[in-house]
Every structure is written in C-alpha cells, then in structure tokens.
Amino acid sequence: MTISKESALTIAKVLAEALPYIQRFTGKTVVIKYGGHAMIDEPLKQSFARDIVLMKLVGINPVVVHGGGPQIGSLLDQLNIESEFIDGMRVTDRQTMDVVQMVLGGTVNQSIVNLINQNGGKAVGLTGKDATLIRAKKMLIERTSPEILTPEIIDIGQVGEVIGIDRHVIDLLTKSDIIPVIAPIGVGENNETYNINADLVAGKLAEELCAEKLILLTDVEGLKDKNDKLLTGLSSGEVDRLINNGTITGGMLPKIKCALSAVNGGVISSHIIDGRVPHAILLEVLTDEGVGTLITNLNRELNS
C-alpha cells in the first residue's frame, strides 16, 4: 500500500513536530486522570490505550488514575440505591462503598489494564489500598451562610481526602517498564475504606511524583468563562479569581482545584482536555496545539 506525497509530508511534519517534545519529556512522569466519554466510546478507548502505550515506548512514564462514576451509578440504579452528590462528591454510605469497591477496584480497573495490554503495553492495576498506596482521612464539607454564625459541617459518609501517597510503589513499577493503573480508593489509619474523587487522587499523585504534567480528561472542551469562551493558558492567580467570582462551579470545581493544587505543589503544568477528541493526550503532549485548558504557576516559571 502506498500513500500520496501530500499524506507522506503530513506524517513527516507531525513526527518532526513531536521530536522536541519527546526529547524534552523523556524520563519524565505524566499523570493522566482517565474518565468520562473516553471510557465508554470504543474508538476513544482504543485511542487512549494507544496514546498511553506510545508515551511509554518513547520514554515517558504515564501513570493512569481512573474514575468510574457512570459505571457506579448504573449499578447503584440496578440495586435501587439512590445516588446523591454534594459539591461534586458522591455521598457514600457503607452500601454504596461496597459498590464503589466492586466497580472501581474490580470491573473498571481490570478492563483498563486489559485494554492497555491488548495494545502492546504492560499495565498493572492497583487500588489505593494495595500496599497502603493511598492513605486517606474522612472528608467533611463545610458550608457557610449569612444566616448562621458558625459553618455547617456536612458528613458525606465514606468519602476521603488524600493525606499521603507511597511513591515507592509507583517508582518500582515505572522503573520496570510497567504502567500503573490506579483506582481512587484509599485506606484510613484504622483500615477504613474511602471513596476518593479521582481528580483529587490524580492531583496529589502528580505532586508526590513531581510529575511534569497532570492531564485530566473531561467531557467538555475545557474551562470556559461566563460567555462560554474557552480559556486556554491560565496562571494560578487567574484560576483563583475565576473560583472567587463564581465562574467555576459544580463538577468542574474539584477538577480545577486539584489542577491548581498540583501546579502550586510543584507539577510543571496541569491540563484539562477534551477526552472526546481522538488521541487527545498525544495532541496535548506532543504537538504545538493544545486541546483544552492549560494551568501553570506563573510565579514559579518566572523564577525558574
């Protein structure tokens, strides 16, 4: 099979454009939060797996953290267990936690591992409970109101926040050419099990690994302003202002907060990208044009 000269030139241009990025990021760690439509649509699932395998082959160390909200919600519906969300977090009682463990730590995790392996990679699935990878504590949500003098504390069940990560486990895998695939389930000091927002786990993991990039796959183009305009390069200060003026709300808020925390904690850049675009990860990492919102700590860049 032969291709036209125009097609050959296009391929050569893409490869040449990717070269400096490959050279720059070889040996660096990129943490990817995998979720949304890219986990459901079959062609997007295949393009995601190929992106991850290619990154590893060219010397970049991808670490995958996955969600599974739709799959959890589907099983809860089948079991007639009501779902409730507060500030983008799933309220998790003991019965819901059993479902979360079964779906995230079993079905979803192993399907992603198999997908990567089928495309030529070497992936291993973990939950945060394995080797006490993710240590967590109970998350409490604080609500303030002009009508009350003291903040209202809301208990959302077995929902946790990360207090520590054992990077030694991840280092052992990445140095062995293995791609870690991590389910966002943490363990408490008394062996409690916690459901943790996958975006927050990815952000804390990126900080602990001193990652080059944190990439959050979403079902939207990226962060938009109140006029529905896509916001691309943002400093951490600009993100703070967007949170304070109410531009960032709802389910986007945890994503933005973890992206912001990551760059403030030492990650070079955070990317919120459209997972509905085929090969979105490669487009973001290895080309001049991005496919979403980039967040950096401008002050650190100026001082570096």
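Quick rundown of the values:
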| read-out | value |
| --- | --- |
| Residue satisfying all of: in the stretch 62-118; assigned to a loop (DSSP other than H, G, I, E, B) and in contact (Cβ under 8 Å) with a residue 60 or more places away in the chain; farthest from residue 36 (Cα to Cα) among these | 93 |
| Candidate set: the stretch 62-75, residues that are in contact with a strand residue (DSSP E or B) (Cβ under 9 Å, 6 or more places away or on another chain) and either of a type outside the set (Gly, Ala, Ser) or open to solvent by 60 Å² or more (accessible area, probe 1.4 Å) (or both); chosen: the one farthest from residue 134 (Cα to Cα) | 72 |
| Count - residues of the stretch 170-207 that are closer than 23 Å to residue 116 by Cα, small (Gly, Ala, Ser), surrounded by 21 or more Cβ atoms within 10 Å (Cβ to Cβ) and over 10 Å from the mean Cα position of the chain (by Cα) | 1 |
| Residue 218 being hydroxyl-bearing (Ser, Thr, Tyr), open to solvent by 10 Å² or more (accessible area, probe 1.4 Å) and either more than 22 Å from residue 68 (Cβ to Cβ) or touching a helix residue (DSSP H, G or I) at 6+ places or on another chain (Cβ under 8 Å) (or both) | no |
| Every residue from the stretch 166-217 that is free of Cβ contacts under 8 Å to residues at least 60 places away in the same chain, β-branched (Val, Ile, Thr) and under 21 Å from residue 89 (Cα atoms) | 187 |
| All positions within the stretch 1-26 that are touching a residue at least 12 places away in the same chain (Cβ under 8 Å) and either loosely packed, with under 10 Cβ neighbours inside 10 Å or β-branched (Val, Ile, Thr) (or both) | 14, 22, 26 |
| Scan of the stretch 257-282 for residues that are touching a strand residue (DSSP E or B) at 6+ places or on another chain (Cβ under 8 Å), over 12 Å from residue 214 (Cα atoms) and in a loop (DSSP other than H, G, I, E, B), ordered by number | 275 |
| The stretch 80-125, residues that are within 14 Å of residue 52 (Cβ to Cβ) and buried (at least 18 other Cβ atoms within 10 Å of the Cβ) | 112, 113, 115, 116, 119, 121, 123, 125 |
| Enumeration of residues in the stretch 125-143 that are among the small types (Gly, Ala, Ser) and assigned to a strand (DSSP E or B) | 125, 136 |
| Test: residue in the stretch 183-194 that is over 21 Å from residue 280 (Cα atoms), at pLDDT below 80 and in a loop (DSSP other than H, G, I, E, B) | no |
| Positions within the stretch 39-48 being touching a helix residue (DSSP H, G or I) at 6+ places or on another chain (Cβ under 9 Å) and surrounded by fewer than 22 Cβ atoms within 10 Å (Cβ to Cβ), in sequence order | 40, 44, 45, 46, 47 |
| Single residue of 267, 277 found to be surrounded by 15 or more Cβ atoms within 10 Å (Cβ to Cβ), farther than 23 Å from residue 89 by Cα and free of Cβ contacts under 8 Å to residues at least 40 places away in the same chain | 277 |
| Qualifying residues in the stretch 226-256 (those that are free of Cβ contacts under 8 Å to residues at least 24 places away in the same chain and in a helix (DSSP H, G or I)) - the one surrounded by the most Cβ atoms within 10 Å (Cβ to Cβ) | 242 |
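The values are calculated or read from the model by the stated rules, or taken from the named source; none is laboratory data. Source: prediction; values computed, not measured. Methodologically, a virtual Cβ is constructed for each residue, glycine included, from the backbone with ideal geometry; neighbour enumeration extends over all protein chains shown. Accessible surface is based on the protein model in full, side chains and every heavy atom, while ligands, DNA and RNA are left aside. Shrake-Rupley method; radii C 1.70, N 1.55, O 1.52, S 1.80 Å.
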